[in-house]
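> Please read through the structure below; I'll follow up with questions.
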Amino acid sequence: MLNGKKIIVVMPAYNAEKTLEKTYHEIPLEIVDDVILVDDASRDRTSEIARSIGIHTIVHTRNKGYGGNQKSCYKAALELGADIVIMVHPDYQYTPRLIPAMASMIAYGEFDAVLASRILGPGTLEGGMPAYKYISNRFLTLFENILLHHKLSEYHTGYRAFSREILEKLPLEKNSDDFVFDNQMLAQIIWFGYRIGELTCPTKYFEDASSINFRRSVTYGLGVLKTSLQFRLSKWGVCLSKIFER
């Protein structure tokens, strides 16, 4: 706990057997109260390894997608009484050592959500981020900052922390079950007036780290553009998107 707040780490997992243990052993268990892994019908030993090291494990009998996995993660964390929920990918692309800093920013009331940004610090490309991903990240972030009238260094990190109130109040079930869920969730957080903080996170791309392919990246990018346009049209009163209705 921090400041009396129960902290739960959630890990949306798919075929993470090679990196799960390494990721788990960097989680600062001195402040984290519980760890939940949701296995999205992996074809490897992810769930078996998770249970063997004592992780609270939930297994989907069919693949529900990245967004669908997160919905299960957050529901389970709330049921276990979490005050702060931190999403850490079990592919070791993001270091769990930032958990205390992210949790503190929420536990002491400074922010309602915290993002670990790969863009704030130097070394993004040196860390292995493909050039096309970096360029698209910068373009999409600029587009979103303009249409959402907000200012973030990036909207596309998968390393995030949320207060219980955000997870209880946002209409998350209306979001996609695919990768664009991440972006829709941030748009909702901004729409409903919650505060987002950022801190810098080192970039790590390597063979066993999960990464969506170029085709899926294009689909995600188009979804981001659509979400931003829906946000602006909803603000203008032209057409209220269902994801902004409680």
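Just so you know, all these numbers are worked out from the coordinates, no wet-lab data involved. Please read all numbers here as calculations on a predicted model, not as lab measurements. Cβ atoms come from the backbone with ideal geometry, glycine included; neighbour counts cover every protein chain shown.
> What are the GluC sites (Glu not before Pro) within the range 111-220 that DSSP puts in a loop, where the Cβ has at most 12 other Cβ atoms within 10 Å?
The qualifying sites are Glu126, Glu207.
> Here is a further query. Against the longest alpha carbon principal axis of the chain, how many degrees, from 0 to 90 and to the nearest 10, is the axis of helix 181-191 turned?
Compared with the principal axis, the helix lies near 60 degrees.
> Just for the chain, what percent of DSSP beta bridges are antiparallel, to the closest 5?
Working: 8 of 27 bridges.
DSSP beta bridges in the chain are roughly 30 percent antiparallel.
> Would you mind counting up the charge near Lys133? Only other residues with Cβ under 12 Å from its Cβ, with Lys and Arg at +1 and Asp and Glu at -1. Walk me through the intermediate numbers first.
Numbers: positive: Arg118, Arg138, Arg216; negative: Glu154.
Net charge around Lys133: +2.
> Could you tell me which of rounded, prolate or oblate describes the range 7-244, using a ≥ b ≥ c as the square roots of the eigenvalues of the alpha-carbon gyration tensor, with rounded for a/c under 1.5 and, failing that, prolate when a/b is larger than b/c and oblate otherwise?
The shape class here is rounded.
> Cα to Cα, under 13 Å, and not fewer than 8 places away if on the same chain: which aspartates and glutamates meet these conditions relative to Lys151?
Within reach: Glu198.
> Trypsin sites (Lys or Arg not before Pro) within the range 13-77: which are DSSP loop residues with at most 11 other Cβ atoms inside 10 Å?
Arg43, Arg62
> How high is the relative contact order of the chain, in percent, counting Cα pairs under 8 Å that sit 6 or more residues apart?
That works out to 23 percent.
> Given +1 on the Cβ of Lys and Arg, -1 on the Cβ of Asp and Glu, and no further charges, what dipole in debye does the range 7-244 carry about its Cα centre, rounded to the nearest 20?
Computed about the Cα centre, the dipole is about 920 debye.
> A follow-up question, please. Would you work out which of Thr19, Ile58, Ser176 lies farthest towards the positive end of the dipole of the range 7-244? Charges go on Cβ: Lys and Arg +1, Asp and Glu -1.
The Cα lying farthest towards the positive end belongs to Ser176.
> Here's something else I'd like to know. Test of the criteria: in the range 89-154, which chymotrypsin sites (Phe, Trp or Tyr not before Pro) are in a DSSP loop and have at most 16 other Cβ atoms within 10 angstrom of their Cβ?
For chymotrypsin sites (Phe, Trp or Tyr not before Pro) across the range 89-154 that sit outside H, G, I, E and B with at most 16 neighbouring Cβ atoms in 10 Å, the list reads Tyr108.
> What is the helix-to-structure angle for 131-147, meaning the angle in degrees between its Cα long axis and the longest Cα principal axis of the chain, kept from 0 to 90 and rounded to the nearest 10?
Helix 131-147 sits roughly 50 degrees off the main axis of the chain.
> Now for a separate question. Kindly identify the range 1-144 as rounded, prolate or oblate by the Cα gyration tensor criterion: order the square roots of the eigenvalues as a ≥ b ≥ c, call it rounded if a/c is under 1.5, otherwise compare a/b with b/c, prolate if a/b is larger, else oblate.
Since a/c reaches 1.5 but b/c is at least a/b, the shape of the range 1-144 is classed as oblate.
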